[in-house]
Ligand code: 13P
């Protein structure tokens, strides 16, 4: 492991004004997204859609530091035969790869999941490195359902252990691990419950990272924000989300970690941007604080594109606009008035 090089990649991933595009939807998830816009989920349509984003010059060269790919995409070529990985590299962005293989039911813990994919991960990482991947992602999911005692310590500890095992294997393969323990916002819990569960999850995750000898300087954390569940009647203000999330992260994430890149987790596009912006306006943070959004970057371009060649320019404009808004938010320079000035 060359830690100086891992650190250099990690810092580039959270460079000022830049963040990550999570375009690593599994075939099942992208089908759900395409169903919404009435597009059939064929290999060619998935390629065309992602190629559209990767060819958005301004977004990719100015606002997007790296792209998380799904296994299918990292081996695909653009319509003109150029490997999609090359398109990303040529724009100055870094290719990355989702390496977890989804979730399974966790035995003995009804309703809880464990992320799988550690078997043969070392071999897979070597192949992905040769194909150009310089960072990877593994997502653990933790649900909140206080009435049924969820999450359990078993689920938190087992998922944190898997995250740390994955991260150690990545660093050994000279790949920067994005460590993503996601506390879901699907429930009816309030922001303080989310805060407490996320604190527990992050403390356990960093403990396991230490046990597995992961070098914090060569990783990126991808957490959820402290936020009320979608079904909660007590939604927190933008300022409360920002203040509580910053307090939470400061108490759990060592400053040796170069950067934190949030997931959007079901927030609306503009909410995800506003929250990131408010945190960076607070400032004084020991790590880069930016975005690694999937839905909050792609909902608008998906809608604008809707699978039609004639809409490629509109899809790219929508993607560029969201990328730019989040770039500004990563510097604390966004304001809602900029939302109406859509990119040409
Ligand atoms: P969302 O921003 O849509 O939550 O996706 C980010 C991600 O990579 C989830 O694993």
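Every number here is computed from the coordinates shown, using simple stated rules; none is lab data. Please read all numbers here as calculations on a predicted model, not as lab measurements. Cβ placement follows ideal geometry from the backbone for every residue including glycine, while neighbour counts extend to all protein chains displayed.
Using the empirical formula 2.2 N^0.38 Å as the baseline, the Cα radius of gyration of the range 1-77 reaches a ratio of 1.28. Normalised by the residues of the range 49-196, what does the relative contact order come to in percent, with Cα pairs under 8 Å and at least six apart? Reported relative contact order: 20 percent. When you restrict to C-alpha pairs under 8 Å that are six or more residues apart and normalise by the size of the range 13-115, the relative contact order lands at 27 percent.
Sorting the segments 173-181, 136-144, 151-159 by their mean number of nearby beta carbons within 10 angstrom, highest to lowest, gives 173-181, 136-144, 151-159. Taking 25 °C and 0.890 mPa s as conditions, the range 48-114 diffuses translationally at an estimated 182 µm²/s according to Stokes-Einstein applied to its Kirkwood radius (Cα pairs). Across all directions, the shadow cast by the convex hull of the chain built on its C-alpha atoms averages 16.1 square nanometres. Take every Cα pair under 8 Å whose residues are at least 6 apart in sequence, average their separation, divide by the length of the range 268-344, and the relative contact order is 41 percent. By other beta-carbon atoms within 10 Å, ranking 58, 112 with the fewest at the front produces 58, 112.
Springs join every pair of Cα atoms under 10 Å in this Gaussian network model of the chain, and among 64, 37, 191 the largest mean-square fluctuation is at 37. Calculated mean residue ellipticity at 222 nm for the chain: -14000 deg cm²/dmol, from DSSP H runs with n ≥ 4 weighted as -39500 (n - 2.57), summed, divided by the residue count and rounded to 500.
Given a 10 angstrom Cα cut-off, can you work out which residue in 201, 312, 14 is the most mobile in a GNM of the chain? Looking only at 201, 312, 14, the largest GNM fluctuation is found for 312. Residue ranges 86-99, 319-332 sort as 319-332, 86-99 when ordered by packing (mean number of other C-beta atoms within 10 Å per residue, highest first). For the chain, modelled as a GNM whose springs connect Cα atoms under 10 angstrom apart, the maximal fluctuation among 135, 291, 206 occurs at 206. Cα centroid separation, the range 222-274 to the range 80-135: 24 Å. Here's the picture: a label point sits 7 Å out from the Cα of residue 308 along the beta-carbon direction, and within the range 38-73 the residues with their amide nitrogen under 20 Å of it are 38-42, 45-53.
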